[in-house]
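Visitor: One structure, pasted below without further comment.
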Amino acid sequence: MTRNRVGPVVIGTALTTLAAALLVPTTAKAGPPPSAPGTVTTALAESWTPPLSTRGRWIVDADGNRFKLKSGSWHGASGTWGGSGDIEDPANYHDKEISHEMPMGLDRVAIPTVVDNFRQLGLNSVRLQFSNEMIHKSTPVTDASVAANPQLRGKTPIQVYDAVVTALTDAGFAVVMNNHTTTSRWCCGLDGNERWNTSQPTETWENDWLFMARRYRDNKRVVGADLYNEVRRNTWDDPNWGWGNDKDWQAASQHVGDRILTEANPDLLIVVEGINWQGIPLDGLPHGRPTLEPANTLSHTLVNAHKLVYSAHFYGYTGPNHTGATGTGETHDWRYQELSLTELRATLDRQAFFVTTEGQHFTAPLWISEFGDGFTETNPQSRAWFGNFVDHLISRDTDFAVWPLVGWQRDGVPNSWSLVSWDAAGNRAGILDPGDWRTPIWNRLITAPARTGRIAPVADWSMLNLDHGDFDASLEMRSRPDWDTGARKGTCPDGQRLIGLSHHDGRGLCTDAGAVVPSAPATVVWDERYVSYDWAGGYSKVQCPTGQMMVGYSLRGTTFASALCAPAPVGASSSRTVWFDRGDARPAGNPGGEFASGNYKGQCATNEYVAGVAYTGRFGKPFKYPDALYCRSLA
């Protein structure tokens, strides 16, 4: 759950103590926004054009060319304090490194030198951490904390963050902002930072994200919002994916992602990490690391379908059901580094890499936004895992961010995990210097063949989830009055049409495969006024006008209520009825994926559209669920 062997012990010990107990009964933001970035002329800057978006499993630049995130985390602005003891005593900080709520190392090395080292590492992007506490700080940093960067004297922590962002982007790097913690302290354990709302209201978290997104809106090389780091269990509660309560990470990330895109900065990639931990890590009790597995059946549908990136973290000493603890708090589950190569690859694919499968509602680029190993690591298993994991990244051509980039060194010995470390005199040691066992593996990753050049547009598939209320993925419809007051409504993203429905629970599947829906005024239909012949005998029918297709629907309770229709891009030459009241009725291969697990589903073919829905309230079917789709051809 963290990047060293300290953090997992903390959570393991704390949760073990908790298990034993269970078995026995704001202030204003500091500083003005940064000025617009300077003129960028580096080779890295000229190699890509912001902003970034997605096409299927790939991230692309504004010219449609693949942009592979080759990244690392420059941590520090989220804090390195351990959470207890004198805040002025280095002994109470992770690895005795005091970051002063700034990117690490500014007391000992100039920012341009750090940035040049990132270039030497072969990176093109940086994951830049921050805490919610830091962005509110109004106290200037001390002179000693920026000794190597005197131009930063008198600045607040977020103004230092501004300067770092500008230096990185002026050099051509892409920057992904990462909300790493709520309070400024080292992550991750039972520390009050387990969820986005453990130590603050969800509204505060959302507003802080809007502030950060707006702050860098004019700097197009600030390309992404990594919403929250390693969402996990706190003392009493697990996060969940889809329950609809205040611990629902899927819903929270969906909501803030849409707010960022519609209220603050439409250019940003929205990075959603899977759930890092659920359950109490004791043998015999359920516990584990879901990662992105829940997205198989419940994915995100943002108002801009080309802005979602999924992410996951992997470390060899943790495991799919192992916190990473050693000794107290350790369970008898496998660590990733203990799995056979075949088991490792299958586990990684199951937990995260599956999202790069094309043609699914969950299809998105995958960014392994943390992985790494230590310079001082001597365990053959751990070293082998690092090489095997890197080889998996290469074989899947996956975007990545190593943890961490910058650390301190003492007496010529660098911070074990960092790629580059500096001592108090500014002398460097690390992966760019002789003697680091990780160097050949890192070089293999950075220089590995990868897809480049233009990425052709692909069909998008998106799911609608009315489990807990409206699901309006259309910017067009969001700008209009409520089209069915009092009902739960689902609308496809602009340009997509409805192609599938679940028998109950209100799940839907949308796509632009075969044809993009033109933007035009929509028609709401509640009755049979447009039914030209009886395509579902004995059933009530809601049908779009001739030449229109469904782009949304509404429910009242369990009852199908209305269809939202928009002009079809082409005329239909044939039609058919698809019944799904007694079982699935989907095209071969289930294009779009499993969008309503445990439910019967009806789906038109990829070269068809939904023109109507049939239901009944007759004896034996009192709930008026959708029972049949009226599918018409696109040509």
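Visitor: Residues in segment 66-93, backbone N under 15 Å from the label point at Ser47 (7 Å along the Cα-to-beta-carbon vector): list them, ranges by number please.
Guide: The answer is 66-72.
Visitor: For a 19 Å ceiling on Cα separation, which of these pairs sit above it: Lys307/Lys489; Lys307/Lys601; Lys68/Lys220?
Guide: Too far apart for the 19 Å limit: Lys307/Lys489; Lys307/Lys601.
Visitor: Compute the separation of the alpha-carbon centres of segment 50-88 and segment 234-305 and state it in Å as a whole number.
Guide: 18
Visitor: What residues of segment 270-300 lie in the reach of a label at His332, counting those whose backbone N is under 20 Å from a point 7 Å from the Cα along Cα→Cβ?
Guide: 280-289
Visitor: I'd like to check one number: the per residue accessible area of the chain, probe 1.4 Å, reported in Å² as a whole number.
Guide: Value for the chain: 36 Å² per residue.
Visitor: Sticking with this one: To the nearest 500 deg cm²/dmol, what mean residue ellipticity at 222 nm is calculated for the chain from DSSP H runs of n ≥ 4 alone, each contributing -39,500 (n - 2.57), summed and divided by the residues?
Guide: -5500 deg cm²/dmol
Visitor: On to the next question. What length, rounded to one decimal in nm, is gained on full extension from Trp243 through to Leu432, with 0.36 nm per residue of separation minus their alpha-carbon distance?
Guide: Full extension of this stretch gives 63.4 nm more.
Visitor: Starting from the eigenvalues of the Cα gyration tensor, five times each then square-rooted, give me the equivalent ellipsoid semi-axes of segment 570-635, largest first, whole Å.
Guide: Gyration-tensor ellipsoid for segment 570-635: 22, 16, 8 Å.
Visitor: Right, something else. Across bins of 10 angstrom width beginning at 0, how are the C-alpha pair distances of segment 269-419 distributed, in whole percent?
Guide: 10, 37, 34, 16, 3, 0
Visitor: In the P(r) worked out for segment 386-428, what percent of Cα pairs fall beyond 12 Å?
Guide: Summing the P(r) tail past 12 Å for segment 386-428 gives 63 percent.
Visitor: Can you give the percent of C-alpha pairs in segment 228-287 whose distance is more than 18 Å?
Guide: More than 18 Å apart: 43 percent of the Cα pairs in segment 228-287.
Visitor: Let me ask another. Which chymotrypsin sites (Phe, Trp or Tyr not before Pro) in segment 513-543 sit in a loop by DSSP (not H, G, I, E or B) and have at most 15 other Cβ atoms within 10 Å of their own Cβ?
Guide: Trp526, Tyr533
Visitor: Taking the mean number of other Cβ atoms within 10 Å as a proxy for protection, how do you rank 294-306, 145-157 from highest to lowest?
Guide: Averaged packing, sorted descending, gives the order 294-306, 145-157.
Visitor: For the chain, just list the percent of Cα-Cα distances falling in each 10 Å bin from zero outward, please.
Guide: Pair shares across the bins are 3, 16, 25, 24, 17, 10, 4, 1, 0.
Visitor: In addition: Would you please name the chymotrypsin sites (Phe, Trp or Tyr not before Pro) within segment 234-328 that are DSSP coil residues with at most 12 other C-beta atoms within 10 Å of their C-beta?
Guide: Qualifying residues, ordered by number: Trp236.
Visitor: Name the residue farthest towards the positive end of the dipole of segment 416-487 from the options Leu445, Ala487, Ala473, assuming +1 on Cβ of Lys and Arg, -1 on Cβ of Asp and Glu, about the Cα centre.
Guide: It is Leu445.
Visitor: In whole Å, how far is the Cα centre of segment 133-208 from that of segment 591-618?
Guide: 46
Visitor: How much FRET efficiency would the formula 1/(1 + (r/R0)^6) give for Asp349 and Ala91, where r is the Cβ-Cβ distance and R0 is 56 Å, rounded to 0.05?
Guide: With R0 = 56 Å, the Cβ-Cβ based efficiency is 0.85.
Visitor: While we're here: Pop out the ³J(HN,Hα) list for segment 59-69 in order, Karplus 6.51 cos²θ - 1.76 cosθ + 1.60 with θ = phi - 60°, rounded to Hz; leave Gly and Pro as x.
Guide: With the stated coefficients, segment 59-69 comes to 8, 10, 8, 5, 8, x, 8, 4, 10, 8, 5 Hz.
Visitor: Sort out for me the Cα centre separation of segment 558-577 from segment 91-116, rounded to whole Å.
Guide: Centre-to-centre (Cα) distance: 59 Å.
Visitor: Quick one: grab the alpha carbon gyration tensor of segment 378-477, order the square roots of its eigenvalues as a ≥ b ≥ c, and give me rounded if a/c is under 1.5, else prolate or oblate depending on whether a/b is larger than b/c.
Guide: prolate
Visitor: Right, next: Note down the nm distance, to one decimal, between modelled labels 7 Å out along Cα→Cβ at Val524 and at Asp411.
Guide: 7.4
Visitor: Also, quick follow-up: May I ask you to list the aspartates and glutamates whose Cα is less than 15 Å away from that of Lys155, ignoring any residue fewer than eight positions away on the same chain?
Guide: Glu101, Asp107, Asp143
Visitor: Starting from segment 60-168, pick out the GluC sites (Glu not before Pro) whose DSSP state is loop and whose Cβ has at most 15 other Cβ atoms within 10 Å.
Guide: In loop regions of segment 60-168 (DSSP not H, G, I, E or B), the sparsely surrounded GluC sites (Glu not before Pro) are Glu88.
Visitor: First measure r as the distance between the Cβ atoms of Ala110 and Thr439, then evaluate 1/(1 + (r/R0)^6) with R0 = 25 Å and state the FRET efficiency to the nearest 0.05.
Guide: 0.55
The values are calculated or read from the model by the stated rules, or taken from the named source; none is laboratory data. A quick note: this is a predicted structure, and the numbers were derived from the prediction, not measured. Cβ: placed from backbone, ideal geometry, glycine included. Neighbour counts: every protein chain shown. Ligands, DNA and RNA are stripped out before the accessible areas are found, and what is left, the full protein with its side chains, is counted by its heavy atoms. Shrake-Rupley method; radii C 1.70, N 1.55, O 1.52, S 1.80 Å.
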